[in-house]
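Notes for the one structure printed next.
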Amino acid sequence: MTVWCVPPRQKLHCELPWDCAACVGSYLSTADITVAEIARAFEPAVFDFLWRGIAVAAAAKVSPWGWAARNTVSQPMVHRKGAGLLAKELLRDIRKLRSSFAIVSDTYLSGIDTLSFSCLRVSPPARDLDSPMEVSEHWESREPDESQEDVRQVSGTDAVHLAIGAFLGQALGVGVHMVCKVGCIKESCCLRIEATDHKRESGCRMSIAFAPFTGRCLLKYADCPLVQFANVLPPLSSGEGQACGEAVDVWVKVATNGDILFLRRGPDGPLEQSGLFPHEALPRSVKEFHAAIEVRNTELVGPATVSITHAGAELPPLLLGEGLSSMDFCATWYMEGDHQ
């Protein structure tokens, strides 16, 4: 007769922590592990192993943009004592990066400045400002270092990306708030989605930008210098009926299959949707999607502020409750300059 002796519970945890952790971790969610850790249900080494596994899995599912985000996401998670604390810090950093812009460097336009990790100020070129009021607005809250010359390009077109994107097969939902107190934004600030291959920054295959104040979508493929546009929504109008507005909320939703949907809500207005840009129009080499703010500061009269209000796999629940469009774009596409 074989007699099986069950070791004491404490001894079992000391000898087989990893087998126990692997078994338990396959059934517990992040919230469950948090509760179990508070209750001290297992030894600290078990939780270190579980948190490390969660952090490694989370880092593998995000697509970073820029060297800072890449360094954060790719930091090694070595299995050792205290690894659970490092894993939690990585999860916190990834959560923060989702709602952050990539670092603005000297390669960006001189009129683009970061007010915080999730807020940009876009200013018109100083040479285009004529009235004292506009000049005052342009330099408000700025403290330039006169000992250093700003060598960045004064005007043109640029894009500031969010630090975290999504792989093809993953959903992405991003929302921003745009406001301009002096003049109109028009198409100076657009919410853009870039479809890239595995090279990310250098591998952009297609970009589609939505200008919420004019209601136009601007489409550009990497192998074509021409820009296409479509009037997918009516412009937000001022009293004179011109495309204008002080503030607007705009969102973009990328579905798991690659369909792209833009949404807009003006001041005290209803939720408006662009219709789906179908995934069949994407280049076959597309592997990732990255949200960005497209900037044309030459069209600005006064400074504009763009803030990230939402970033994640889905849109905010309030928007989902209003129902999302399943209809494709119904607007006609034109080449830039052919039709206004």
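The values are calculated or read from the model by the stated rules, or taken from the named source; none is laboratory data. Just so it is clear, the model here is predicted, and its values are computed rather than measured. With ideal geometry, Cβ positions are generated from the backbone for all residues, glycine too; neighbour counts draw on all protein chains shown.
With respect to E272, determine if the residue is touching a helix residue (DSSP H, G or I) at 6+ places or on another chain (Cβ under 7 Å), under 23 Å from D328 (Cα atoms), modelled with pLDDT of 90 or more and not hydrophobic (A, V, I, L, M, F, W, C).
Judged against the criteria, E272 is not a match.
Taking the residues in region 283-331 that are part of a helix (DSSP H, G or I) and not polar (S, T, N, Q) as candidates, determine which candidate is farthest from the chain's Cα centre (by Cα).
Looking at residues that are part of a helix (DSSP H, G or I) and not polar (S, T, N, Q), I get E299.
Could you figure out which of (1) among the aliphatic types (A, V, I, L, M); (2) at pLDDT below 85; (3) part of a helix (DSSP H, G or I) isn't true of M77?
(3)
Take R284 and decide whether it is closer than 28 Å to P125 by Cβ and at pLDDT 85 or above.
In short, no.
Confirm whether A211 is within 16 Å of W65 (Cβ to Cβ), in the same structural domain as V254 (by TED's automatic domain parsing), hydrophobic (A, V, I, L, M, F, W, C) and surrounded by 20 or more Cβ atoms within 10 Å (Cβ to Cβ).
When the stated conditions are applied, A211 does not pass them.
Mind listing whichever residues of region 215-234 are modelled with pLDDT of 90 or more, touching a Gly at 6+ places or on another chain (Cβ under 9 Å) and not in a strand (DSSP E or B)?
The answer is V232, L233, P234.
From the list L276, L282, which one is closer than 23 Å to W65 by Cα and surrounded by fewer than 23 Cβ atoms within 10 Å (Cβ to Cβ)?
Going through L276, L282 in turn, the sole match is L282.
Failed condition for K253, given (1) free of Cβ contacts under 8 Å to residues at least 12 places away in the same chain; (2) among the basic types (K, R); (3) not in a loop (DSSP other than H, G, I, E, B), with all others met?
Answer for K253: the failing condition is (1).
Take the conditions at pLDDT 85 or above and either in the same structural domain as D93 (by TED's automatic domain parsing) or charged (D, E, K, R) (or both) and apply them to A21. Does it pass?
Here the answer is no, as A21 does not meet what is asked.
Look through E280, E294 and report the one residue that is more than 25 Å from F101 (Cα to Cα) and not small (G, A, S).
Sole residue among the options that is more than 25 Å from F101 (Cα to Cα) and not small (G, A, S): E280.
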